[in-house]
1. Take the residues in the range 16-57 that are acidic (D, E) and on the phi < 0 side of the Ramachandran plot; name whichever of them is nearest to ligand 2 (Cβ to nearest atom).
2. Which of the residues spanning the range 54-102 are away from ligand 1 (no atom under 16 Å from the Cβ), assigned to a loop (DSSP other than H, G, I, E, B) and small (G, A, S)?
3. Take E95 and decide whether it is surrounded by fewer than 23 Cβ atoms within 10 Å (Cβ to Cβ), in contact (Cβ under 8 Å) with a residue 24 or more places away in the chain and in the same structural domain as A132 (by TED's automatic domain parsing).
4. Which residue pairs have Cβ atoms under 8 Å apart, sit 6 or more places apart or on different chains, and have a first residue in the range 132-150 that is within 14 Å of ligand 2 (Cβ to nearest atom) and a second that is modelled with pLDDT under 95?
5. Does T10 meet the test of being closer than 23 Å to L135 by Cβ, polar (S, T, N, Q), surrounded by fewer than 23 Cβ atoms within 10 Å (Cβ to Cβ) and at pLDDT 95 or above?
6. Restricting to the range 98-125, and then to whatever is polar (S, T, N, Q) and surrounded by fewer than 21 Cβ atoms within 10 Å (Cβ to Cβ), can you tell me which residue is farthest from ligand 2 (Cβ to nearest atom)?
7. Given the residues C138, C51, which is the only one that is within 16 Å of ligand 1 (Cβ to nearest atom), touching a Gly at 6+ places or on another chain (Cβ under 9 Å) and farther than 22 Å from E28 by Cα?
8. Only one of (1) under 10 Å from the mean Cα position of the chain (by Cα); (2) more than 16 Å from ligand 2 (Cβ to nearest atom); (3) in contact (Cβ under 8 Å) with a residue 60 or more places away in the chain fails for N61. Which number is that?
Amino acid sequence: MSTKVIVETTINGVPETFVCEPRQTLLEVLREELGLTGTKEGCGNGNCGACCVLLDGRPVNSCLVLAVEAQGREIVTIEGLAADGLHPLQQAFLEHGALQCGACTPGFLVSAKALLDAHPRPTEQQARRWLAGNLCRCTGYDKIIRAVLDAAERMQADGSAGEAALADKAEAGATGNAPQSSSRPTAGEEVRPA
Ligand code: FES
Ligand code: FES
């Protein structure tokens, strides 16, 4: 029988305390203990990005993060993206038809939010590079990229770009050592054209 650990964290702006086993992943706890099933499990080994959440503003694959690593940190899941109505990214995904089965969509949206927090006016190359760690088997990616760039334009136009404090934390490197998908730039890393 393994020892359980009490973890105090903040999820989507709300203080949260949960009990987990040291071996449990953040993905497992979010979905199975806390009922936050918007975060999806695809591969379970860090390759698909479906499980992406923000940890102190940085996109991480939650299947590669131990739940105990969330101690004292701030997590944003897909459930935390919409505030008053849909997030501009969510609206753009709908309008551009940037989803089909939807399995990859929460991960794309969370990762794209981190992109726009760090780079409010990404180029297409930047967006493609940033989202390279998120896999989609349905859309062919073009609609997703168009939706992300459209959302960026709208956020610039309505002044909501860069509002999130998460961006500042990401840019300041307020991050731990959570594992990353090898192809996903970290939020604080310069995104260069390929
Ligand atoms: S489930 Fe595929 S990267 Fe986590
Ligand atoms: S919409 Fe089906 S995997 Fe992306």
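The values are calculated or read from the model by the stated rules, or taken from the named source; none is laboratory data. If you're wondering where the values come from, they're calculated on a predicted model, not measured in any experiment. Positions of Cβ are generated from backbone atoms using ideal geometry, with glycine treated the same way; all protein chains shown enter the neighbour counts.
1. In this case the residue turns out to be E41.
2. Matches in the range 54-102: G57, G72, A82, G97, A98.
3. yes
4. G133/Q180; G133/S181; G133/S182; G133/S183; G133/R184; N134/R184
5. no
6. Applying the first criterion (polar (S, T, N, Q)) to the range 98-125 yields 100, 105, 111, 123, 125.
This time we only want the ones that are surrounded by fewer than 21 Cβ atoms within 10 Å (Cβ to Cβ), so: 100, 123, 125.
Details: Q100: 4, T123: 23, Q125: 21 Å.
Applying the filter and picking the extreme gives T123.
7. After applying the criteria, what remains is C138.
8. Every listed condition holds for N61 apart from (2).
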